[in-house]
Amino acid sequence: MSDAPTARTALVTGGSRGIGLACARALQSGGERVFITYKNAAPTDLEGPPGSIALTAIRCDVTNPEEIESAFGAIEADAGPVELLICSAGITDDALLLRMDEERWSRVIDTNLTAVYRVTRRAISGMIRRRSGRVVLIGSVVGMLGNAGQTNYSAAKAGLIGFARALSREVASRNITVNVIAPGLIDTDMTAAISAEQRHGLESKVPLGRLGSAEEVAAGVAYLTGPLGGYVTGSILAIDGGLGMGN
């Protein structure tokens, strides 16, 4: 008889690229059955390491409650209730406050904060029934430090911290953990498009002197959802090269 652990059902929102995809890959490599949501383009390579279960991509606009319900229905019909939830979907739409109209503010808040409420609320009921679950929200260092021109984004990411800490108190007795990872400056598609001079300017702000990788953020997700992360809840894990110094 095999002693291999049973694959858990994981959902990664915004899992088609960048940090979200790296998180999905880390869970996939750990033997989990991973579903990812995408809004525009699904990743073409869903296979993982030999022996792992292929990723399953589901189109879902996380600002649309009907699409969220449809996505969960498809996941539950295929693999059962979501046991691991990683909320990584997010956008930026930067402007100084005096130039930021309500549409720009609302789009970022709805995608980066309200959608997390919608998705987590849908997932948490199944976790409560099973008396087990892990929730990880991908925040940002700007949720603690702020950033000029990003009042909407900073407010949304700061909101995730309060949301996670309140929810962690609500569901801890059901063996459910809720945590936030706060990445700093991460090497993604956006930073790949900037000039060498601009990149050097970004790196100079980081005490460790470099940008982080999406895989380093994903390693934090693997820890918080893994067997050694079960006693961590209501916490902020900063993966930022010292940029925020834990603030």
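Quick one: Debye curve from the alpha-carbon atoms of the chain only, equal weights, vacuum; give me log10 I(q)/I(0) at q = 0.09, 0.10, 0.13, 0.17 Å⁻¹ to two decimals. Those come out to -0.37, -0.46, -0.79, -1.36, one per q. Of the listed residues Glu197, Glu47, the order by accessible area with a 1.4 Å probe, largest first, is Glu197, Glu47. Listed values for segment 139-154 are Karplus-derived 3J(HN,Hα) couplings in whole Hz (6.51 cos²θ - 1.76 cosθ + 1.60, θ = phi - 60°), namely x, 6, 4, 6, x, 10, 9, x, 7, 4, x, 10, 4, 5, 5, 5, and x replaces Gly and Pro. Taking every protein chain into account, the accessible area of the chain amounts to 50 square angstrom per residue (probe 1.4 Å). Extension gain, Ala219 to Ile91, is 43.9 nm, computed as 0.36 nm per intervening residue step minus the present C-alpha separation.
Rolling a 1.4 Å probe over the protein heavy atoms of the chain, with every protein chain left in place, gives an accessible area that is 52 percent carbon and sulfur.
Computed from the C-beta positions of Ala172 and Ser125, the FRET efficiency with R₀ = 25 Å rounds to 0.95. Across the chain, the longest piece that holds none of the trypsin sites (Lys or Arg not before Pro) lying in DSSP loops with up to 15 other C-beta atoms within 10 Å covers 1-130.
For segment 144-247, the fraction of C-alpha pairs more than 19 angstrom apart is 52%. Net length available on complete extension from Ser70 to Ile194 is 40.9 nm, with 0.36 nm assigned per residue and the Cα-Cα distance removed. Rounded, prolate or oblate: which one fits segment 23-157, using the alpha carbon gyration tensor with axes a ≥ b ≥ c (rounded when a/c is under 1.5, else prolate when a/b beats b/c, else oblate)? Taking the square roots of the gyration eigenvalues as a ≥ b ≥ c, segment 23-157 is prolate. Helix-only estimate, please: 222 nm mean residue ellipticity of the chain, summing -39500 (n - 2.57) across DSSP H runs of length 4 or more and dividing by its residues, to the nearest 500. Only helices count here, giving -12500 deg cm²/dmol.
The values are calculated or read from the model by the stated rules, or taken from the named source; none is laboratory data. Nothing here was measured: the structure is a model prediction, and the numbers come from that model. Backbone-built Cβ (ideal geometry, glycine too); neighbour counts: all protein chains shown. Quick note on the areas: whole protein, heavy atoms, side chains included, nothing else; ligands and nucleic acids left out. Shrake-Rupley method; radii C 1.70, N 1.55, O 1.52, S 1.80 Å.
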